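To start, the structure under review is shown below, and the notes come after it.
The values are calculated or read from the model by the stated rules, or taken from the named source; none is laboratory data. As the structure is a computational prediction, the values presented were derived from the model and not from experiment. Don't worry about glycine lacking a Cβ; one is built from the backbone with ideal geometry, like all the others, and counts go over all protein chains shown. Please note that ligands, DNA and RNA were not included when accessible areas were found on the heavy atoms of the full protein model with its side chains. Shrake-Rupley method; radii C 1.70, N 1.55, O 1.52, S 1.80 Å.
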Amino acid sequence: MRQRAWIVLAGLGVLAGAGFLVVATPALRELIWIGVLLASCSGIVLGVRWHRPVRRYPWWILLAALVVLLAANVINYPVWAGPAARSFADQLSLLAFPMIGVGALSLTRLQTPGGDRESAIDGSIVMIAMATVLAGTVYRPDGIADDVSWAGQLLNTVVAPLMMAAVTAATFRLLFVGSARVTSAWLVVVAAAASMAGNVARALQVADGNYVRGSWPDLFILGAYISIALAALHPSSSRLTEPADSASQRLTHARLIVLGVSLIAAPATLVIRDTGEGLSVPIVSSVVLSLLVLWRLSRLVVDREAAREALHQRAERQEALAELGLQAVDEPDLDDLSEAATIRTRDLLDLRTCRIGDPPDDPPEGAIVLPIADGTVLLAERDEPWNHEDRAFLQAVVNALTGAVERQATHELMRYRAVHDALTGLPNRSLILDRLEHALARQRRAGIRVAVMFIDLDGFKQVNDVYGHQVGDDLLLAVAERLGMCVRDSDTLGRLAGDEFVVICEDAPTDEVRRIADRLTTSLSQPFTLGDASVQVGASVGVVESDGATTDPEELLAQADAAMYVAKGARGSAVATYDEVMATDRVARVSLQHDLDGATERGELDLVYQPLVALRSGEDRHIVGIEALLRWHHPTLGPIPPAEFVPLAEMTGLIVPIGDWVLQQACARVARLTRDRAPEEPLTVFVNLSPRQLADPGLIDRVDRALAEAELAPCHLGVEISEVSALDVEGVAALHRLSALGVRVALDDLGAGRSSVDDITRLPLDLIKLDGALVAGAVANRSQRSIVRGACAIAHELGVEVVAEQVETREQLAMLTELGCDLAQGYLLGGPGPAGEDRWLAVTDPTMLESPDPASTGISS
């Protein structure tokens, strides 16, 4: 409703105007006039209340003028008005016309706040010119009849011309200074034009004696009342008094034309006048207009000079900012940049004080204080007041300085992150090697001692698996803190990766290095409280002292790493020092590692198989499975024990491609063997899988592919695992997926300490294999025999078969059968043999096989 109220009022105004022309009765016509004034007053009140312009007093002035006119028309109503009432009504109307002029000028004045002197001069020129023209033509004193009252004469000779002049000036400012695109402004212009046309036409009719109430000039005046109310009711009225932009204040061509016409108004009036009487007003007006024009021209010259100076000043400031920006981008010294910025700013702004430093406790009055990113501030003082451009320039200087500070901070942070660990903040591998290289250089120059400690946490992987990576990260932070308390201030403590840390000790005797290493292991063996969790880990420390001949930091780090692996083999927190024996072993190990890479392609790897025999009382013993064992025949070193090359393959990752080859060969072999066996005598081949293989996400796909290539059902393949403690969540999940596929899962070396009975319940097992040491001891040791019996009972309760390993005597075989073992494996029943020697697969009594000498077969994998 509020958005369309002005349309409703416009429609009512059209109807009222039509009625005003058609109605012949004076009383009814005056009633329409009063109704239009009352509707206009209501429209202004509603518009101001609904749209709430920021400055309302111009509307209240216009409302007051309309109220006065309304009161005058009510008093002058024909039904009851006498001569005295008419005279009073004319006098009352005199108050309304100045109020209309003041209200109209107030609307436009608010559009140029801050004293727009040029627009005021232009408006004055237009107003004086219009007043001169009206007073010298339409509203001439000698054109007023003698019987007109003094109020009417004052209205027609003074008040009306001044009001019309003010309205004309307001119209000029709305069109050329204010926002002419606002609908409310155009409605005010329409009101001014209608008022001008109506009053001038009525004045001419009055002068000729032809004016009659209800003639067409009155219709224009009614339209003016309605238009001013529509301007207040329109939603854009709230924007009518908004400040005009600088573009609307320029001296445009149209504005110059209006001012030119206004300048010749007074002389034109002298020409139009047909008598020499009353020429004082046009003459005075001409003088005043000439003075205003001269003033306006002087202002143009001053403004042009000021604009030229401002343009020059702005160019200098932009040039200074450009130079400062380029200097800031070049990563300069911040002190030099700050000094250059303050000197240039002081010169350009004519400052009394300009400095960069700490924020002042009590800034001087009128000073500008702007913060910079590094916590300092720019303080500027001067005697002259600040303008917008001054403040903008100071802010631009501060922005350039802040950008330089932030860029330098970012570059420093990037450089720091490039050589420091993201989690602990310790030096990373790059910085460790750099510092180690400098330490070795100092050793060569000054002969100082250099020692490196390689620290690896024991049990960190289990903490990650059990408690999650967040606790694992918290543990690494706590470890870094403890290590920092154990080393000297001059030592370098860094983190290589994962749970590996390094300490570089310079100028420390051997015994001091040993004491530091012992402090490290002792400190890290204490429990860690991490939130609600209490965890305990250990540390294996490898120590190497440079002999001065080593110049390669990578080599020294590798030696410390080799010593750490020796310490880790000691089971538990330990310290090992790199020596010549380790050096020889390391060289041999590196050579062996190099030879292992490609051994498969060169045909140096081979598989041998050892049978698994069923132990069932009252039945013939027969072979139900075979275990594939990997062998390496080195071309120069001969047979390499699996205990030597399998850990190398695991460490380097070669175990994955070698394991794929083992899978393919074993599946193909058992597929050929099962073709010759009866369906009721199935045969399963077991291959060993390491934790690294189980952690490989492509394992399941490769098992599937090996089975498909050999055309072998999954039930004929089994996998053996032994290092259960090294299995992570992904490894356990892989075992479950293999079991779901139909592959049999066996737990190796139960009783050797690497596996426990608890593993039987959490893993998808089909078989458990009792360690050979437990089997050998069960013959003479009752407690070990009880362990075997208990393991068999638990396994059978869970539906898991039990395999006894390393069975070498008939006495062991008989005992294991009695204790409930389901299967047996050992030299008594058949040792590992080449793939071509499968004669034992058809033997119903495996104990009659001629087993090879255990010493000649090497260690099984």
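Answer with yes or no whether Gly357 is under 18 Å from Asn387 (Cα atoms), free of Cβ contacts under 8 Å to residues at least 24 places away in the same chain and not polar (S, T, N, Q).
no
Residues being surrounded by 17 or more Cβ atoms within 10 Å (Cβ to Cβ) and in contact with a Ser or Thr (Cβ under 7 Å, 6 or more places away or on another chain): count how many of those fall in the stretch 452-480.
Total satisfying the criteria: 4.
Considering only residues that are under 19 Å from Ser42 (Cβ atoms) and either open to solvent by less than 70 Å² (accessible area, probe 1.4 Å) or over 59 Å from the mean Cα position of the chain (by Cα) (or both), which ones fall in the stretch 6-29?
Answer for the stretch 6-29, where residues must be under 19 Å from Ser42 (Cβ atoms) and either open to solvent by less than 70 Å² (accessible area, probe 1.4 Å) or over 59 Å from the mean Cα position of the chain (by Cα) (or both): Trp6, Leu9, Ala10, Gly11, Gly13, Val14, Leu15, Ala16, Gly17, Gly19, Phe20.
In the stretch 594-608, what residues are open to solvent by less than 10 Å² (accessible area, probe 1.4 Å) and either of a type in the set (Phe, Trp, Tyr) or assigned to a helix (DSSP H, G or I) (or both)?
Leu596
Among the numbered criteria (1) open to solvent by 80 Å² or more (accessible area, probe 1.4 Å); (2) without any contact (Cβ under 8 Å) to a residue 60 or more places away in the chain; (3) among the β-branched types (Val, Ile, Thr), which one does Ile368 miss?
In the conditions (1) open to solvent by 80 Å² or more (accessible area, probe 1.4 Å); (2) without any contact (Cβ under 8 Å) to a residue 60 or more places away in the chain; (3) among the β-branched types (Val, Ile, Thr), Ile368 misses (1) alone.
Mind telling me which of the residues Leu457, Leu423, Leu475, Leu436 ends up being more than 35 Å from the chain's Cα centre (by Cα) and under 30 Å from Val729 (Cα atoms)?
None of the others qualify; the one that does is Leu457.
Among the helices (runs of 4 or more DSSP H) contained in the stretch 448-559, which hold 1 or more residues that are among the aromatic types (Phe, Trp, Tyr)?
Result: 460-467.
Quick one: how many residues across the stretch 786-825 are free of Cβ contacts under 8 Å to residues at least 40 places away in the same chain, part of a helix (DSSP H, G or I) and among the hydrophobic types (A, V, I, L, M, F, W, C)?
Total satisfying the criteria: 8.
Go through the stretch 61-87 and count every residue that is open to solvent by 50 Å² or more (accessible area, probe 1.4 Å), assigned to a helix (DSSP H, G or I) and not hydrophobic (A, V, I, L, M, F, W, C).
2
Give the residues of the stretch 521-537 that are open to solvent by less than 20 Å² (accessible area, probe 1.4 Å), within 26 Å of Asp489 (Cβ to Cβ) and not β-branched (Val, Ile, Thr), sorted by residue number.
Matches in the stretch 521-537: Leu524, Phe528.
Pairs please, first residue from the stretch 187-198 and more than 15 Å from Ala231 (Cα to Cα), second anywhere and polar (S, T, N, Q) and part of a helix (DSSP H, G or I), Cβ atoms under 9 Å, 6+ apart in sequence or on different chains.
Cβ pairs passing all conditions: Met196/Thr168; Met196/Thr171.
Going by what's in this entry, would Asp347 be described as assigned to a helix (DSSP H, G or I), without any contact (Cβ under 8 Å) to a residue 12 or more places away in the chain, among the charged types (D, E, K, R) and farther than 30 Å from Gly260 by Cα?
Yes, satisfied.
Would you call Ser591 modelled with pLDDT under 80, of a type in the set (Gly, Ala, Ser), surrounded by fewer than 18 Cβ atoms within 10 Å (Cβ to Cβ) and assigned to a loop (DSSP other than H, G, I, E, B)?
So Ser591 does not fit the description; no.
Return the residues of the stretch 767-780 that are open to solvent by 60 Å² or more (accessible area, probe 1.4 Å) and more than 19 Å from Ala746 (Cα to Cα); say none if nothing qualifies.
Within the stretch 767-780, just Ala780 meets the criteria.
If Asp518 passes every condition in (1) loosely packed, with under 15 Cβ neighbours inside 10 Å; (2) of a type outside the set (Gly, Ala, Ser); (3) over 19 Å from Ser540 (Cβ atoms) but one, which one does it miss?
(3)
Before we move on, is Arg344 basic (Lys, Arg) and modelled with pLDDT of 80 or more?
So Arg344 fits the description; yes.
Of (1) modelled with pLDDT under 85; (2) in contact with a Leu (Cβ under 8 Å, 6 or more places away or on another chain); (3) within 24 Å of Arg692 (Cα to Cα), Arg754 satisfies all except one. Which?
Of the numbered conditions (1) modelled with pLDDT under 85; (2) in contact with a Leu (Cβ under 8 Å, 6 or more places away or on another chain); (3) within 24 Å of Arg692 (Cα to Cα), the odd one out for Arg754 is (2).
Is it true that some residue in the stretch 667-678 is in a helix (DSSP H, G or I), at pLDDT below 90 and open to solvent by 40 Å² or more (accessible area, probe 1.4 Å)?
Yes, the stretch 667-678 contains a residue that is in a helix (DSSP H, G or I), at pLDDT below 90 and open to solvent by 40 Å² or more (accessible area, probe 1.4 Å).
Looking at Ala508, Ala558, Ala533, which one is modelled with pLDDT under 90 and within 21 Å of Asp434 (Cβ to Cβ)?
It is Ala558.
Contact list please: Cβ distance under 8 Å, first residue in the stretch 299-311 and on the phi < 0 side of the Ramachandran plot and assigned to a helix (DSSP H, G or I), second residue surrounded by 11 or more Cβ atoms within 10 Å (Cβ to Cβ) and at pLDDT 75 or above, pairs at least six apart or on different chains.
Close Cβ pairs (under 8 Å, with a partner that is surrounded by 11 or more Cβ atoms within 10 Å (Cβ to Cβ) and at pLDDT 75 or above) amount to Ala310/Glu389.
Any residue at all in the stretch 387-403 that's more than 27 Å from the chain's Cα centre (by Cα) and part of a loop (DSSP other than H, G, I, E, B)?
Scanning the stretch 387-403 turns up at least one residue that is more than 27 Å from the chain's Cα centre (by Cα) and part of a loop (DSSP other than H, G, I, E, B).
Starting from residues that are assigned to a strand (DSSP E or B) and in contact with a helix residue (DSSP H, G or I) (Cβ under 9 Å, 6 or more places away or on another chain), keep the ones in the stretch 629-666 and report whichever is surrounded by the fewest Cβ atoms within 10 Å (Cβ to Cβ).
His634
Please work out which one of (1) at pLDDT below 90; (2) open to solvent by 10 Å² or more (accessible area, probe 1.4 Å) is the condition His796 fails and give its number.
For His796, the exception is condition (1).
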